[in-house]
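Just so it is clear, none of the values below were taken in a lab; they were calculated from the coordinates. If you're wondering where the values come from, they're calculated on a predicted model, not measured in any experiment. As a convention, Cβ positions derive from the backbone with ideal geometry for all residues, glycine included, and neighbour counts pool all protein chains shown.
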Amino acid sequence: MLLSKYSDYIIYVVDLRDTDRLVIAKEEFLAILEEEELRGAAVLIFANKQDLLGALDDATVTESLELHKIKNQQWAIFKTSAIKGEGLLEGLDW
Ligand SMILES: Nc1nc2c(ncn2[C@@H]2O[C@H](COP(=O)(O)OP(=O)(O)OP(=O)(O)O)[C@@H](O)[C@H]2O)c(=O)[nH]1
């Protein structure tokens, strides 16, 4: 992963079909939030592959990544389908 020295925002993409790696995704996500350079950066989550059957809902992702515990940073979660181009612009507009 590449991080610029002082980033204004983080975009984190979660694969809604990859339930097996949700725990790893959470660990990685929490480690990113602890990066000194990213303190205060806005956090944008793309919950991707929402077009596929069996995709997790965003409430489950919110709970799994413990987004509600983020106190000093703005955050938002958008359901996306990268393949269909859905939800991406809404997220980037946020
Ligand atoms: N249906 C669908 N397919 C997608 C979407 N985004 C990416 N893919 C497809 O998923 C496949 C794997 O892409 P990613 O999951 O992004 O790649 P990756 O994380 O390196 O792959 P894994 O490690 O196997 O998960 C590719 O064929 C993509 O075209 C999406 O929103 N919807």
For the stretch 9-93, the dipole about the Cα centre with charges only on Cβ (Lys and Arg +1, Asp and Glu -1), to the nearest 20 debye, works out at 140
In whole Hz, what ³J(HN,Hα) sequence does the stretch 30-35 give by Karplus (6.51, -1.76, 1.60; θ = phi - 60°), x for Gly and Pro? 5, 5, 5, 4, 7, 4
For the peptides 63-76, 12-25, 37-50, what is the packing order when you average, over each peptide's residues, the other Cβ atoms within 10 Å and list the highest mean first? 37-50, 12-25, 63-76
Run the helix sum for the chain: -39,500 (n - 2.57) per DSSP H stretch of 4+ residues, divided by residue count, reported at 222 nm to the nearest 500 deg cm²/dmol. -7500 deg cm²/dmol
Diffusion coefficient in µm²/s returned for the stretch 9-93 by Stokes-Einstein, Kirkwood Rh over C-alpha pairs, 37 °C and 0.692 mPa s, is 252
Förster radius 30 Å - calculated FRET efficiency between VAL13 and GLU66 (Cβ-Cβ, nearest 0.05): 0.95
Reachable lysines from LYS26, criterion Cα separation under 24 angstrom, eight or more residues apart if same chain: LYS5, LYS49, LYS69, LYS71, LYS79
